[in-house]
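Q: Below you'll find the structure I mean.
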Amino acid sequence: MNAISYAALLEAQQSVIEKIALGNDLPSCLDFICRRIESIIDSPLVRSSIMILHGDTLSHAAAPSLPDSYCSAVDGLSIGPGMGSCGTAAYTGDQIIVSDIAQDPLWKDFRDLAMGHGLHACWSTPIRASDDTVIGSFGIYYLTPKLPDPFHLELIDRFSRLSSLAIETDRARQREAQLSHRLAQAKGKLEAFIEVMPDIALIIDEAGVCVDIYGADTHLLVKSPSEMKGHTMQSLLPAEHAECFMKVVKTALSSPGVQLHEYTLTVQGGLRVFEARVVRLEGYLEEKPEAPHVLWLARDITARKRADEQIEQLAFYDPLTSLPNRRLLKDRLQSALDRAGRHHEYSALLFLDLDGFKRINDALGHAVGDQLLCAVVTRLKSLLREADTLSRLGGDEFIILPDLSDRDAGEVADEVASLASKILRAFDETFQLEGNMYHIGVSIGISLIDDAHRTADRIIQHADTAMYQAKKLGGSCMVFFEPELQTAADERIQLERELGSGIANGQFQAYFQPQFNLTGSHIGAEALIRWQHPTRGLVLPDEFIPFAVQSDFIHKLHTLMLKQVCEVLVQLERLHVLPAGFTIAVNICPRQFRDHRLQDELAKTLEIYGVPPAQIKLEITESLMVDALQDAADQLSRLRAMGCKVSLDDFGTGYSSLSYLQHFPLDELKIDKSFVHAMHGGVGGTAIVDAVIALANQFGFSVIAEGVESVEQVQLLNQKPINGLQGFQTCRPLPADAFIATVVKGNEHKATLL
């Protein structure tokens, strides 16, 4: 290509691009393209043509030098093999060069037509869109047989791309015009519909700006339309409402379909409940059709919600006490039965009938009776958790369906018996109404929910039968429908009574099992509670601690133990035999953390005795971590900040997880006795013990091995990097006086250990 031709090509390209950019219509742009390429080729024998593909046919779009009769004849040409140069190129997507129409088989069906108009050669190139799809064909005809030279091929390539630019630009403008037209139509319809609807419609952009407001009832807006338009919902709504509002907006922008949202908001007309339907809008603003918006259509459903609540209240709740009635109770009971069937969960139902209520109601009238029933409900609610169901069947009959998820049958029986005991004790106190005192009792029948094949009515019937049995026994007692559970419940109640009596009469003692380092020196002890029962003898913790936890005696026992521990530490200090770093471990159960009383009780007791917190070690188990990971960790952090130490007992025997060691503020790991007993001198005999020690060292914890009961175990552990030993081989648990004596002796015991 010479310099003149190249300059002409560049000038032609620039002219075509300017014409397209200035918005000239497609026919004039394509006509211009054809004329410019013909002028550059500069031959009286050349003709150019641009055809656009519509489906499977080509239509003439520009051919200023071709005869009209020829253009009309090939307009609507189907694409395919053997359909001339243009039809074949559009079909195959390849450039088709025919130098002699008279001889080329592609033109056999169109040869006479072409040659009749003096056309003897045709070079056709597919016009491709930006996504590489074929949208037309660009053709060069010659009035004599001819092959293109490289200059011709480059011209064709450049002008076919210019043709593509013109066609795609025109199509984009057409789509924009159609979109604007549809948008204008939709907006007009929307405005017409919303103006006659009782709803409020907001147009919100992705930043939360209120763009437009439609609707006649402005009382449903937080402010007037003029005060809302152009402002963000974050500035118009309270922070918690704005955050929720924007979450719905973002969801609608990123999701197909309508988003439903119910909310309560104070507007100019007062506190209202709204139901919103939120959907994404495309091209809402003509000047910024690409900007996304949402339509927020809000309907005031306050009256409907109130009506629904009233209907529900009448259908499912007792009008006097507002408690669930029999109908709602049976629904919840059926859910418990369904869980029993699916997940083998256990639960229980308590049937309560008031003793002596009928006498008061008949003598003093229904007004006093109703007041007394409401007072009974208040007292019962104080004994229940939020998840428990308290229902009134009618008259003076009540049912309690406690939430006992994830308990086994034995635990359910224990907990429901404990709850029944609390209720019986609560009715020991009189009810005071308008200055008058009334005493009533309660008879309780209990039925376990342990069989998914039972019906709700059968469960209630069983509990009712058990309640009448309680009445026959004189009332103010509980009876299980299953006799064997009744026996266990009676034993439990007796044990609870004896626990209270034992605490009051000083029957509980702290025993101390010493802990020694590997040289045989005292480093501390673990405090273990023992019950010196007047008839049963020495009772070990496993027999009474579970009942103490459920009956709330655990806090009294813990305080008692802590006082005895402090007394021992004070005596050792007075005798000047308290070794440096000496600590006494006190066992803590999850219940003490759930009640959030441990820190105050501990601080108060230590202050009374003047014992430094650093001398107290709190010994916890993995069950505490599972029950309430974050809450327990926070409480332990505060206790450590006081100065107390924290030891993890039985590590590796339960729900062991390294995440516990990361989250919990620990000072010490105790190797469980099961791992100590499994040690032997062979290969791998101490593998688990070694693993626990290595893990503790990584976290910077000290290590104590408990349950050491043989000389071989002592010898094996003496070879490990641990801090202490505890077990029958070193020393059995001792009463306070005997324990103090062993610390005083010190060196004598050291010799026997080694």
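Q: Can we say ILE399 is modelled with pLDDT under 90 and either β-branched (Val, Ile, Thr) or not assigned by TED's automatic domain parsing to the domain that holds ARG497 (or both)?
A: no
Q: While we're here: Can you go through VAL646, VAL626 and tell me which one is modelled with pLDDT under 85 and among the hydrophobic types (A, V, I, L, M, F, W, C)?
A: Answer to the check: VAL626.
Q: Restricting to segment 45-68, what's the tally of residues that are of a type in the set (A, V, I, L, M, F, W, C) and more than 15 Å from ALA89 (Cα to Cα)?
A: Residues in segment 45-68 being of a type in the set (A, V, I, L, M, F, W, C) and more than 15 Å from ALA89 (Cα to Cα): 6 in total.
Q: A follow-up question, please. Residues of segment 445-467 being part of a strand (DSSP E or B) and either in contact with a Ser or Thr (Cβ under 6 Å, 6 or more places away or on another chain) or farther than 21 Å from GLU415 by Cβ (or both), which ones?
A: Across segment 445-467, the qualifying residue is only ILE449.
Condition check ((1) surrounded by fewer than 13 Cβ atoms within 10 Å (Cβ to Cβ); (2) over 27 Å from VAL442 (Cα atoms)) across all residues:
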{"residue": "ARG339", "(1), (2)": "no, yes"}
{"residue": "ALA348", "(1), (2)": "no, no"}
{"residue": "ALA363", "(1), (2)": "yes, no"}
{"residue": "ALA375", "(1), (2)": "no, no"}
{"residue": "LEU384", "(1), (2)": "no, no"}
{"residue": "GLY395", "(1), (2)": "no, no"}
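Q: Something else: Mind telling me which of the residues LEU281, LEU265, LEU297, LEU260 ends up being in the same structural domain as LEU202 (by TED's automatic domain parsing), within 26 Å of the chain's Cα centre (by Cα) and touching a residue at least 24 places away in the same chain (Cβ under 8 Å)?
A: None of the others qualify; the one that does is LEU265.
Q: Next question. Mind checking which pairs have a first residue in segment 319-334 that is closer than 21 Å to GLU345 by Cα and a second that is not hydrophobic (A, V, I, L, M, F, W, C), Cβ under 6 Å, 6 or more apart or different chains?
A: Note: pairs meeting the criteria are LEU329/SER391; ARG332/THR389.
Q: Within the group PHE151, PHE138, PHE110, PHE159, which residue is in contact with a Gly (Cβ under 8 Å, 6 or more places away or on another chain) and not basic (Lys, Arg)?
A: On the way: PHE151 fails: in contact with a Gly (Cβ under 8 Å, 6 or more places away or on another chain); PHE138 fails: in contact with a Gly (Cβ under 8 Å, 6 or more places away or on another chain); PHE159 fails: in contact with a Gly (Cβ under 8 Å, 6 or more places away or on another chain).
Going through PHE151, PHE138, PHE110, PHE159 in turn, the sole match is PHE110.
Q: Identify all residues within segment 198-214 that are assigned to a loop (DSSP other than H, G, I, E, B) and either of a type in the set (Gly, Ala, Ser) or over 21 Å from GLY269 (Cα atoms) (or both); write none if there are none.
A: Within segment 198-214, GLU206, ALA207, GLY208 qualify.
Q: Sticking with this structure for a sec: Any idea which of VAL98, VAL134, VAL74 is more than 17 Å from ARG35 (Cα to Cα) and under 59 Å from the mean Cα position of the chain (by Cα)? Step through it out loud before you land on a result.
A: On the way: VAL98 fails: under 59 Å from the mean Cα position of the chain (by Cα); VAL74 fails: under 59 Å from the mean Cα position of the chain (by Cα).
Going through VAL98, VAL134, VAL74 in turn, just one is more than 17 Å from ARG35 (Cα to Cα) and under 59 Å from the mean Cα position of the chain (by Cα): VAL134.
Q: Looking at segment 53-82, which of its residues are assigned to a loop (DSSP other than H, G, I, E, B) and not aliphatic (A, V, I, L, M)?
A: Pass one, segment 53-82, residues assigned to a loop (DSSP other than H, G, I, E, B): 55-56, 63-67, 75-76, 79-82.
Result: GLY55, ASP56, PRO64, SER65, PRO67, ASP75, GLY76, GLY80, PRO81, GLY82.
Q: Let me ask something else about it. Inspect all residues belonging to segment 315-335 and state whether any of them is closer than 14 Å to LEU448 by Cα and surrounded by 12 or more Cβ atoms within 10 Å (Cβ to Cβ). Talk me through it step by step, then tell me what you get.
A: We begin by selecting, within segment 315-335, every residue closer than 14 Å to LEU448 by Cα; these are 333-334.
Next, from what is left, pick out any that are surrounded by 12 or more Cβ atoms within 10 Å (Cβ to Cβ): 333-334.
Yes: one or more hits.
Q: Can you tell me which residues in segment 505-527 are surrounded by fewer than 19 Cβ atoms within 10 Å (Cβ to Cβ), in contact with a strand residue (DSSP E or B) (Cβ under 6 Å, 6 or more places away or on another chain) and under 25 Å from ILE608 (Cβ atoms)?
A: If we filter segment 505-527 for residues that are surrounded by fewer than 19 Cβ atoms within 10 Å (Cβ to Cβ), which is where we start, we get 505-507, 509, 517-521.
With the extra rule that they be in contact with a strand residue (DSSP E or B) (Cβ under 6 Å, 6 or more places away or on another chain), the set shrinks to 507, 509, 517.
If the condition is that a residue be surrounded by fewer than 19 Cβ atoms within 10 Å (Cβ to Cβ), in contact with a strand residue (DSSP E or B) (Cβ under 6 Å, 6 or more places away or on another chain) and under 25 Å from ILE608 (Cβ atoms), then GLN507, GLN509 are the ones that fit.
Q: Here's something else I'd like to know. Look through segment 528-574, keep the residues that are part of a strand (DSSP E or B) and touching an Asp or Glu at 6+ places or on another chain (Cβ under 9 Å), and return whichever of them is surrounded by the most Cβ atoms within 10 Å (Cβ to Cβ).
A: My answer is TRP531.
Q: Looking at segment 223-276, what helices (runs of 4 or more DSSP H) fall wholly within it and have at least 3 residues that are out of contact with any Leu (no Cβ under 6 Å at 6 or more places or on another chain) and more than 22 Å from ASP212 (Cβ to Cβ)?
A: Once the helices (runs of 4 or more DSSP H) in segment 223-276 are filtered for at least 3 residues that are out of contact with any Leu (no Cβ under 6 Å at 6 or more places or on another chain) and more than 22 Å from ASP212 (Cβ to Cβ), what remains is 239-254.
Q: Please find, among PRO319, PRO289, the residue that is closer than 30 Å to ARG173 by Cβ and either outside the structural domain of LEU393 (by TED's automatic domain parsing) or not basic (Lys, Arg) (or both).
A: PRO289
Q: Need the failing condition index for GLN432 against (1) at pLDDT below 85; (2) in contact with a helix residue (DSSP H, G or I) (Cβ under 9 Å, 6 or more places away or on another chain), just the number.
A: (1)
Q: Moving on to the next point. Quick check: is even one residue across segment 357-379 at negative phi, in a loop (DSSP other than H, G, I, E, B) and assigned by TED's automatic domain parsing to the domain that holds ALA466? Even if it seems obvious, please write down each step before you answer.
A: Here is the first cut: in segment 357-379, the ones at negative phi are 357-364, 366-379.
So of that shortlist, the ones also in a loop (DSSP other than H, G, I, E, B) come out as none.
No; the residues of segment 357-379 include none that is at negative phi, in a loop (DSSP other than H, G, I, E, B) and assigned by TED's automatic domain parsing to the domain that holds ALA466.
Q: Residues of segment 161-201 being among the basic types (Lys, Arg) and under 44 Å from the mean Cα position of the chain (by Cα), which ones?
A: Scanning segment 161-201 gives ARG175, ARG182, LYS187, LYS189.
Q: For segment 233-254, enumerate the residues that are touching a residue at least 12 places away in the same chain (Cβ under 8 Å) and among the small types (Gly, Ala, Ser).
A: Residues satisfying the conditions are ALA242, ALA252.
Q: Starting from segment 1-24, keep only residues that are in a loop (DSSP other than H, G, I, E, B), then list their pairs with residues that are modelled with pLDDT under 80 whose Cβ atoms are within a distance under 8 Å, requiring at least 6 positions of separation or different chains.
A: So the pair list comes out as MET1/LEU9.
Q: Residues ASP205, ASP217, ASP212, ASP199: which one is surrounded by fewer than 17 Cβ atoms within 10 Å (Cβ to Cβ) and either aromatic (Phe, Trp, Tyr) or touching a residue at least 12 places away in the same chain (Cβ under 8 Å) (or both)?
A: Sole residue among the options that is surrounded by fewer than 17 Cβ atoms within 10 Å (Cβ to Cβ) and either aromatic (Phe, Trp, Tyr) or touching a residue at least 12 places away in the same chain (Cβ under 8 Å) (or both): ASP217.
The values are calculated or read from the model by the stated rules, or taken from the named source; none is laboratory data. Model, not experiment: these values are computed from the prediction. Every residue, glycine as well, gets a Cβ built from its backbone with ideal geometry; the counts of neighbours run over all protein chains shown.
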